[in-house]
Amino acid sequence: MTLFTELAILVLAAFVGFEVISKVPTTLHTPLMSQTNAIHGIVMLGGLIVLGYADDGLEYVIGTIAVAFGAINIVGGFMVTDRMLGMFSKKPKPKAEDK
Amino acid sequence: MTLLAVLKPGGDAATALYIVAFSLFIIGLKKGTHPTSAKQGNMVAAAGMAVAVATTLLLDGMGNWGLIIIGLGVGSAVGFVASVRVQMTEMPQMVALYNGVGGGAVALIAWSELRHGISLGGDIPLEELIPTLLAAVIGSVSFWGSNVAFAKLQDLIPTRPLSVPGQQVVNAVLLIGIVAACVNIAVNNGDPSEALFIGILIAAALLGNLVVLPIGGADMPVVISLLNAFTGLSAAAAGFALDNVALIVAGTIVGSSGTILTMEMATAMNRSVANILFAGFGGAPAGGGGGPTEERPHTSIGAQDAAIKLAYADTVVFVPGYGLAVAQAQHAVKEVADQLEKRGVTVGYAIHPVAGRMPGHMNVLLAEADVPYEQLREMEEINPELPRTDVAVVIGANDVTNPAAKNDPDSPIAGMPIIEVSEAGEVIVIKRSLSPGFAGIDNDLFYESNTSMLFDDAKKAAADIAAEIEQL
């Protein structure tokens with residue numbers, strides 16, 4: 001891909017990001033921040049690529065740490081978001097008294 | 001050992017799968033903006049991530065499988081255990097930590113990419129080198145800044161603002177040094193100095209520490225959100241360096257949506273991002289000499305947020321006051337209560353002896369709106385229950401909820417019995433402004449961390465909330 005094709009993608013993606021997150025209720029700020037946080041765990045792909053094609057000692061070390069960091073970001077990020085959003089699922093009401 | 005290699009890097013199949021992945025991210029985020037679909041949205045985004053990771057693992061020429069498995073295994077295990085163990089109250093610092101490791105990963109990738117470029121010999125193309133440098137700087141700032149934010153929220157270091165004398169000058173010098181070193185590397189792209197690159201990583205690390213240290217604990221969520229956007233941008237930069245479209249799109253979306261989110265959070269706290277970053281406060285008003293008239297940070301929300309808080313609570317207590325009587329809001333409040341009861345929320349009304357300025361006044365008003373008598377609770381009866389209440393809604397009441405009556409012996413209302421709403425999980429105060437109540441004194445309740453202010457006329461606000469709950 002040429003540099004300018006990539007820049008075009010960058011600009012469009014920036015607008016998508018702005019549009020998607022507009023007028024969010026405050027209650028959802030923290031879960032959404034956490035979800036976007038998990039999404040930038042995409043950097044693990046970079047870690048996989050540099051490690052997958054690495055061919056010297058230091059690069060092995062750097063790459064492995066980068067992959068591990070990325071995996072923490074992804075797994076932890078999505079799971080914590082899921083736990084936070086658990087509070088929005090309606091809890092069953094145990095008692096059957098009148099309303 | 002290329003056991004999985006089936007996709008050509010940058011080839012049609014790999015790119016098509018990356019497009020599927022980032023489409024799922026966008027759908028996931030969109031669903032994440034509404035409370036009923038947010039949980040599902042997170043799953044959709046996670047599925048997108050699974051597609052992206054699987055695609056990358058299938059790229060032709062990938063090797064070092066042992067190390068990849070170690071990295072994936074250790075990282076996944078740490079992330080899993082940490083997120084299962086963390087307490088709900090500790091979520092913000094957990095997000096800070098995950099954000100930090102993301103930034104750290106970017107900085108390391110940039111370093112590895114630079115070494116790779118040097119080892120190939122010849123000039124490193126600038127369209128690869130410049131994004132690599134950007135990724136290194138932003139990633140390193142984000143890693144260290146997030147770690148400081150984590151340490152502050154976890155009480156490992158003092159949460160109060162810490163600043164070094166001449167702070168701004170030191171930061172400026174560091175920034176100039178980083179830019180100069182980057183220019184040097186870019187100009188000498190035929191033989192860039194790896195030592196200088198490591199120097200950049202270290203200077204950026206210092207900068208990350210120095211920028212976040214002076215910020216108080218109360219502002220930390222906004223800072224984490226900002227660093228989150230930074231990490232997204234650094235991921236996009238790494239995407240340019242590696243020619244990877246998934247990184248570019250996902251990183252940029254996080255960068256821009258994170259920026260918007262940061263600004264919305266700051267607005268909800270009545271602060272500006274610049275104010276938070278550079279003013280160096282954000283805990284309690286410094287020195288403790290906060291006069292009652294000065295502008296203090298508080299959280300302000302709209303009817304929709306209030307509706308969400310209420311609809312997903314188990315128990316809600318309304319604390320009506322004179323403002324409700326003046327606005328004739330009792331019917332509208334009853335409407336909110338009816339909506340909540342339909343959803344299975346337990347509703348009660350806490351009646352202060354002097355609510356409405358006349359003993360029994362409030363009971364009458366509420367009875368007129370057909371509020372069942374058993375829901376009207378006396379102050380002495382409701383106070384012990386407030387710690388178990390999810391949300392207390394203060395409507396047009398002020399002095400009768402002022403914690404100063406209990407905590408400040410010098411207050412004009414010292415010793416007055418109050419409804420201890422600050423004991424509840426969350427407090428929503430519906431009021432037209434922050435102005436003092438009948439007693440003419442500021443109400444500390446408005447500035448507590450679990451209090452949200454909804455500035456509106458009581459009747460209109462209640463009607464809006466009822467309408468919002470109905471739509472949930």
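Data for the structure
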{"read-out": "Euclidean distance between Cα centres, segment B:14-62 to segment B:219-253, Å", "value": "16 Å"}
{"read-out": "Segment A:43-85: relative contact order in percent, alpha carbon pairs under 8 Å with at least 6 residues between", "value": "40 percent"}
{"read-out": "MRE, 222 nm, helices only [DSSP H, n ≥ 4, -39500 (n - 2.57), over chain B, to nearest 500]", "value": "-19000 deg cm²/dmol"}
{"read-out": "Size of electric dipole in segment B:91-279: Cβ of Lys, Arg +1 and of Asp, Glu -1, about Cα centre, debye, nearest 20", "value": "620 debye"}
{"read-out": "Three-way shape label, segment B:170-247, alpha-carbon gyration tensor, a/c 1.5", "value": "oblate"}
{"read-out": "Order of B:V187, B:V429, B:V78, B:V393 under a 10 Å beta carbon neighbour criterion, fewest first", "value": "B:V187, B:V78, B:V429, B:V393"}
{"read-out": "Degrees separating the helix B:220-242 axis from the principal Cα axis of chain B, which is the longest one", "value": "20 degrees"}
{"read-out": "Within 10 Å of each Cβ in B:305-311, the average number of Cβ atoms from other chains", "value": "3"}
{"read-out": "For B:341-348, mean number of other protein chain Cβ atoms within 10 Å", "value": "2"}
{"read-out": "Within 10 Å of each Cβ in B:52-65, the average number of Cβ atoms from other chains", "value": "4"}
{"read-out": "Proximal aspartates and glutamates relative to B:K39, as straight alpha-carbon distance under 16 Å, when same-chain residues fewer than 8 apart are discounted", "value": "A:D82"}
{"read-out": "Nearest-20 debye value, chain B charge dipole, Cβ charges on Lys, Arg, Asp, Glu", "value": "700 debye"}
{"read-out": "The protein assembly as shown - charge dipole about Cα centre, Lys and Arg +1 at Cβ, Asp and Glu -1, debye rounded to 20", "value": "460 debye"}
{"read-out": "Partners for B:K406 among aspartates and glutamates (Cα-Cα distance below 20 Å; same-chain residues under 8 apart left out)", "value": "B:E378, B:E380, B:E381, B:E385, B:E420, B:E423, B:E426, B:D442, B:D444, B:E448"}
{"read-out": "Rounded tilt (10° steps) of B:12-31 against the dominant C-alpha axis of chain B", "value": "10 degrees"}
{"read-out": "Anchor B:K459: aspartates and glutamates whose Cα lies under 19 Å away (excluding residues fewer than 8 positions away in-chain)", "value": "B:D305, B:E335, B:D338, B:E368, B:D370, B:E468, B:E470"}
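Readers should treat all values here as calculations from the given coordinates under stated rules, not as data from a laboratory. These numbers were taken from a predicted model, which means no experiment stands behind them. We place every Cβ from the backbone using ideal geometry, glycine too, and count neighbours over all the protein chains shown.
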